[in-house]
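Structure first, commentary second.
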């Protein structure tokens with residue numbers, strides 16, 4: 001068995017991407033706090049006043065989904081997504097870079113297909129409203145598509161940084 005090949009340090013993210021990433025992390029953290037507050041209020045309302053809060057349920061569901069997609073963009077720019085890299089670490093530098101680029105291209109493809117699917121869904125269902133809040137679907141689901149667009153930007157930057165590292169180490 002060979003020793004893992006150490007790649008050069010990754011290119012630091014541009015300030016704009018770091019600021020966007022930090023802002024997304026702050027929003028995702030705020031959404032998690034909102035979810036906790038809404039769940040506690042639902043428990044209190046059900047146990048003490050024997051009433052449900054359907055609006056709180058719907059808001060917490062949206063906040064949870066947005067939190068996941070916002071965090072996905074943050075993890076994409078930081079390269080901290082869960083990855084199984086045992087075999088990639090054992091490869092020589094060129095195949096290792098190709099596997100990393102292939103992984104980022106698959107993230108871009110998944111995000112693009114998800115945006116396309118979301119667009120096709122919203123194209124037909126934009127005018128329908130959510131049950132409790134009465135918000136149109138376009139306003140409920142379009143932030144998810146925006147987050148997927150940010151994931152594409154972040155993954156494209158990571159591909160660019162891998163290519164820049166390849167040129168620098170050559």
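The values are calculated or read from the model by the stated rules, or taken from the named source; none is laboratory data. Note that the coordinates shown come from a computational prediction; the quantities given were computed from them, not determined experimentally. All Cβ positions, glycine included, derive from the backbone under ideal geometry; neighbour counts span all protein chains shown.
Which ones in region 102-134 are in contact (Cβ under 8 Å) with a residue 40 or more places away in the chain and assigned to a helix (DSSP H, G or I)? Show your work before the answer.
Here is the first cut: in region 102-134, the residues in contact (Cβ under 8 Å) with a residue 40 or more places away in the chain are 104-105, 107-108, 111-112, 130-133.
104, 105, 107, 108, 111, 112 - these are the residues of region 102-134 that are in contact (Cβ under 8 Å) with a residue 40 or more places away in the chain and assigned to a helix (DSSP H, G or I).
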Exactly one of (1) assigned to a helix (DSSP H, G or I); (2) modelled with pLDDT of 90 or more is unmet by residue 21. Its number? (2)
All positions within region 112-135 that are over 21 Å from residue 68 (Cα atoms) and in contact with a strand residue (DSSP E or B) (Cβ under 8 Å, 6 or more places away or on another chain): 126, 127, 128, 129
Residue check for residue 28: surrounded by 14 or more Cβ atoms within 10 Å (Cβ to Cβ), touching a helix residue (DSSP H, G or I) at 6+ places or on another chain (Cβ under 8 Å), part of a helix (DSSP H, G or I) and modelled with pLDDT under 85: no
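Do we find a residue being within 21 Å of residue 155 (Cα to Cα) and either over 21 Å from the mean Cα position of the chain (by Cα) or part of a helix (DSSP H, G or I) (or both) anywhere in region 37-56?
To start, the set of residues in region 37-56 that are within 21 Å of residue 155 (Cα to Cα) comprises none.
No, that holds for no residue.
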Log entry, pairs with first residue in region 58-81 being in contact (Cβ under 8 Å) with a residue 60 or more places away in the chain and on the phi > 0 side of the Ramachandran plot, second being part of a helix (DSSP H, G or I) and surrounded by fewer than 17 Cβ atoms within 10 Å (Cβ to Cβ), beta carbons closer than 6 Å, six or more apart or on different chains, reads none
